[in-house]
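Colleague: There's a structure below that I have some questions on.
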Amino acid sequence: MENLTIADREMAMEESLDKIINLVLEKKYFLARDELLKYNAVDIAELLEEVTEEADIQATVILFRLLPKDVSVDVFSELPSDDQVNIVNSITDREIHYIVREMDFDDKIDILEELPANIVDKILEKTPKSERKLINTFLNYPDNCAGSLMTPDYISLQKDWTVREALDHIKREGIDAETIYTCYVKDRGRKLIGIVSLSTLVVSDDTTKIKDIMHTEFVYENVYDDQEDVAADFKKYGFMAIPVVDNEFRLVGIITFDDILDVMEEEATEDIERMNGVIDFDKSDRTYLDMSPWQHVINRLPWLLILMVAYVFTGKIISNFEGQLSDYTNLITYMPMLMGTGGNTGSQAATLIIRGLATDEVEPHDFLKILWKEIRVGVILGTILSIINFARIYFFEGVPFSQTITVCTSMIGIVVFAKILGSMIPLIVKKLNLDPALIANPAISSVSDAVALSIYFLMAGIFVF
């Protein structure tokens, strides 16, 4: 399968899935297993996930148990947490112990966090005391911090070793390390004092001391640093791994880029959901189709209730001008356009600023520059939209000049205000040390709608009423 294009590979996997499903339904599990083994662990996990949806979890468990032991470990770490729990509940304690024992340490921690407490206790009972203590330490780190992402499987060196001694050590220990491309130098008290790359070791003389070639200026994370900040450092520096130290600067683990990719996806998904008024209360990693309708309702209802209350004020504004509007019905026609334009321009500004904050392109102290830029953008956009609307409303629809100018001047004011609102609120929220994504775009739109009507009726009072 290595030489296939992505499209050909996807087509081959679809054909294999159909074949596997048919073989499972015919109870020909060994033939289905052979079809699975044409693929790598990641693809096998994806196929097993599809088998669960198309057939049932029992068929997935049977196929999983038929996989070679070394393959099953890699596949298990790639499966969704729900499938992992189902498999653990269906296999023997001996099989569970083997899988957990052979997994990479960081994958092991991720899985133990998802498993029921009674199964975790059962696994830890059969784990060597030293490893059990280390596992408990990692499990006790708060969620979403660097400590919960790291692995203790790294290459550590001593500063007085020679390059030859270091390379010999890497050959002995490298097979179990998460990465060998960067090695970490510790003193006798386990404090991190330097780093050295494998490439540096390879090109250096065998008798050179590690202390003479190691870098003493390096990027590191504290165990309690937020995972979003860790992700930002990976993006900024482009590292494959970053060391993690405790409050005494002792090296306790490393975080590798493959783990931080999952964090980036998780954080991006969370921000998108929040910005659009969806709050995942149970912090579930389930996909859209895996969640029940009730869970979707719970996640979406709070913002909708808040927005519903907000629109009550919008209705009050309209009712206050009900008498005047009855005499100028044309003005009612353009209210949806003005409100929609205000909401859209506000959401545009908010999205750009939230992204800028996330990527460190802008900071809260840049608010004056951002305000001035958005005012200019708003004036230009509002003027262009007003000119287009003036031509349409006055010349093609024949609306009186006073009403036309009301719509057009309102358009400029609404767009400018919406740009200011959408750009400033995320900065204020960030300054308060809150997540700017909490300011959902629908919320900005609802506030913008109320202000848009206020501006509209103000202009109407000047030119029409």
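The values are calculated or read from the model by the stated rules, or taken from the named source; none is laboratory data. What you are looking at is a predicted structure, and each value in this text was computed from that prediction instead of being measured. Cβ: placed from backbone, ideal geometry, glycine included. Neighbour counts: every protein chain shown. These area figures cover heavy atoms from the full protein model, side chains too; ligands, DNA and RNA do not enter into them. Shrake-Rupley method; radii C 1.70, N 1.55, O 1.52, S 1.80 Å.
Colleague: Which loop GluC sites (Glu not before Pro) in region 23-96, with loop taken from DSSP, have no more than 14 other Cβ atoms within 10 angstrom of their Cβ?
Modeller: When the GluC sites (Glu not before Pro) of region 23-96 are filtered for loop state and at most 14 Cβ neighbours within 10 Å, Glu26 remain.
Colleague: List the pairs from Lys129/Lys235; Lys69/Lys133; Lys38/Lys236; Lys27/Lys122 whose alpha-carbon separation is above 28 Å, in the order I gave them. List each step's numbers first, then the result.
Modeller: Values: Lys129/Lys235 37 Å; Lys69/Lys133 26 Å; Lys38/Lys236 38 Å; Lys27/Lys122 32 Å.
Beyond 28 Å between Cα atoms: Lys129/Lys235; Lys38/Lys236; Lys27/Lys122.
Colleague: Roughly how many percent of the accessible protein surface of region 7-46 is carbon and sulfur, given a 1.4 Å probe and a whole-percent answer? Don't jump to the answer; show the numbers that get you there.
Modeller: Values: 1300 of 2400 Å².
In region 7-46, the share of accessible area belonging to carbon and sulfur is 54 percent.
Colleague: Leaving out ligands and nucleic acids, note down the accessible area per residue over region 55-138 with a 1.4 angstrom probe, in whole Å².
Modeller: 49
Colleague: How large is the dipole of region 16-173 about the Cα centre if only Lys and Arg carry +1 and Asp and Glu carry -1, each at its Cβ, rounded to the nearest 20 debye?
Modeller: 840
Colleague: If you roll a 1.4 Å probe over region 163-227 with all protein chains in place, what percent of the accessible area is carbon or sulfur?
Modeller: About 47 percent, which is the carbon plus sulfur part of the accessible surface.
Colleague: Here is a further query. Distance between the C-alpha centers of region 174-192 and region 343-372? Whole Å please.
Modeller: The two parts, judged by their Cα centres, are 41 Å apart.
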